[in-house]
1. Being at pLDDT 90 or above and more than 22 Å from residue 104 (Cβ to Cβ) is the filter here, so list the residues in region 312-340 that pass it.
2. Please find, within region 232-250, the residue that is nearest to residue 17 (Cα to Cα) out of those that are in a helix (DSSP H, G or I) and among the aliphatic types (A, V, I, L, M).
3. Identify, please: which residue in region 159-178 is surrounded by 17 or more Cβ atoms within 10 Å (Cβ to Cβ) and small (Gly, Ala, Ser) and is, among those, farthest from residue 290 (Cα to Cα)?
4. Would you point out the residue of region 224-251, among those that are under 16 Å from residue 70 (Cβ atoms) and either of a type in the set (D, E, K, R) or touching a Phe, Trp or Tyr at 6+ places or on another chain (Cβ under 7 Å) (or both), that is surrounded by the fewest Cβ atoms within 10 Å (Cβ to Cβ)?
5. Checking residue 450 against (1) closer than 25 Å to residue 222 by Cα; (2) modelled with pLDDT under 90; (3) among the aromatic types (Phe, Trp, Tyr), only one condition comes out false. Which one?
6. What are the residues in region 312-336 that are farther than 17 Å from residue 103 by Cβ and either free of Cβ contacts under 8 Å to residues at least 40 places away in the same chain or not polar (S, T, N, Q) (or both), if any?
7. How many residues does region 288-311 contain that are farther than 16 Å from residue 125 by Cα and either part of a loop (DSSP other than H, G, I, E, B) or touching a Ser or Thr at 6+ places or on another chain (Cβ under 9 Å) (or both)?
Amino acid sequence: MVPDPPAPASPTAPPGQLLQLLGVSFGIAGAVGGTIGAGILRTPGLVAAQLGQPILIMAVWLIGGLYALLGANVLAELGASLPLAGGWAVHARRAFGPGVGFAVGWTDWIGHCVGIAWVAVTIGEVVDDLLPATWQAQLPLGEQGIAVAVLVLLALIQRLGLRAAGTSQNVLSLVKALAFLGLVVACFSLQPDPTRLANLPTAVLPTPSAADLAIGVVLALQAVITTYDGWHSPLYFAEEFEAPERDLPRSLIGGVLAVLVLYGLINLAMLRVLPVPQLAASNLAVADAAAALFGAAGRQGITVLALVSLVGLINASIMAAPRVLYGLARDGMITPALARVNAGGTPSTALLLTTLASVALVLTGSFSLLLGMAAFLYVALYLSGFSALLSLRWREPDAARPYRAWGSPWSVLIVLAGSLAFLLGALLSDPGGSLWALALIAASLPLRPWLGGSAQESPP
């Protein structure tokens, strides 16, 4: 057996331990904040271009949501059984040993840093567009300077401690959800201006063959599943819930349901305002819908909404990534220095390393290749978790499981098959990015000793 990691810290634990202060409200806010970003602003148009029929468009969004819901159901069992910091690596280590655990944790942390850098750069671009031209010329480093400033500011908030970080995430997620709901209400309450609609681009949608439609469904599902990515965000704070065996499953499943409903309403709203050919031609469907309702002011409002969404997304990622390093360090898979926690309950050294790595990616722009690999890496993480559950169910049938995934093993096998199909599709559609992703995972083998890991391999 792989030795069990140390037990989670209690709220009265000595300094240097994580604090157990979080509840379901934070968990759902973390799921919403970690999922809803720029993707939902762009993806409706991509899906409409592939499918061209409202019923198929809504069906694909529902299937993507059900995939995430089944995944949350599986992850709820793992998280409630092993409520420890470290993300997906915790379960991979328990099921398959320290080598696999480190590879999963390394992949998870790198993926977070890439995502943080990309979102920070996007925030820089959005803010730069909102500023007057005279201000833009005076900004040091331009959009990159804004991105770095946002990263540092959010990292400083995280360094204040778990209470400040959790409150900031709750507020950002609430504002984001209310803003999107306000847009949905406007789409159903108001009529688009025909003149404004006529000025929007229109796509020609030929009748596809059965083969073309099948390919379109696969490509649309890939885009939708990527847009749902982030539903697992509460997992990274498993050790910091007051009652993880109860609160973590509710957070994971409640968060996915909230996002599923919100995404469904947004897509229905887009179809209410934009004819399908115009939706299919739109690179930023939500902005075009707002422009059809409110003109230039509507498009400007969507820019602000995008900014709020991105800040909430990056805040959740900056909060989660250090806890991956903390878990690896605490379990002896990398240097113990990264397991240091300040008085506020923040893994401070891991936060510093995450911030520096993300800033370096922003300044060098070297995350562009990694970004193309991100979807493959994220689904590979899902696959590690689903496989770990099957392994642990078989090897540890009598282990305490405060929550048991409903429909198991079939629900697990469905999401496992879905993940494998997604990875196969990514390998066929983007072989270069997929092979680079596999190379990045393989790079964990020589890196582990260099990073100071001490946990010894043993049979699972």
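The values are calculated or read from the model by the stated rules, or taken from the named source; none is laboratory data. On a predicted model such as this, the values are computed, not experimentally measured, just so you know. Because the Cβ atoms are built from the backbone with ideal geometry, glycine has one as well, and the counts that use them run over all protein chains shown.
1. 314, 315, 340
2. Among them, the one singled out is 238.
3. Once the filter is applied, the top-ranked residue is 161.
4. Checked region 224-251; the qualifying residue surrounded by the fewest Cβ atoms within 10 Å (Cβ to Cβ) is 229.
5. (1)
6. Within region 312-336, 312, 313, 314, 316, 318, 319, 320, 322, 323, 326, 330, 336 qualify.
7. Result for region 288-311: 3.
This table checks each residue for (1) touching a residue at least 24 places away in the same chain (Cβ under 8 Å); (2) among the charged types (D, E, K, R); (3) within 26 Å of residue 220 (Cα to Cα).
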| position | (1), (2), (3) |
| --- | --- |
| 380 | yes, no, yes |
| 388 | yes, no, no |
| 401 | yes, yes, no |
| 404 | yes, yes, no |
| 410 | no, no, yes |
| 414 | yes, no, yes |
| 430 | yes, yes, yes |
| 439 | no, no, no |
| 446 | no, no, no |
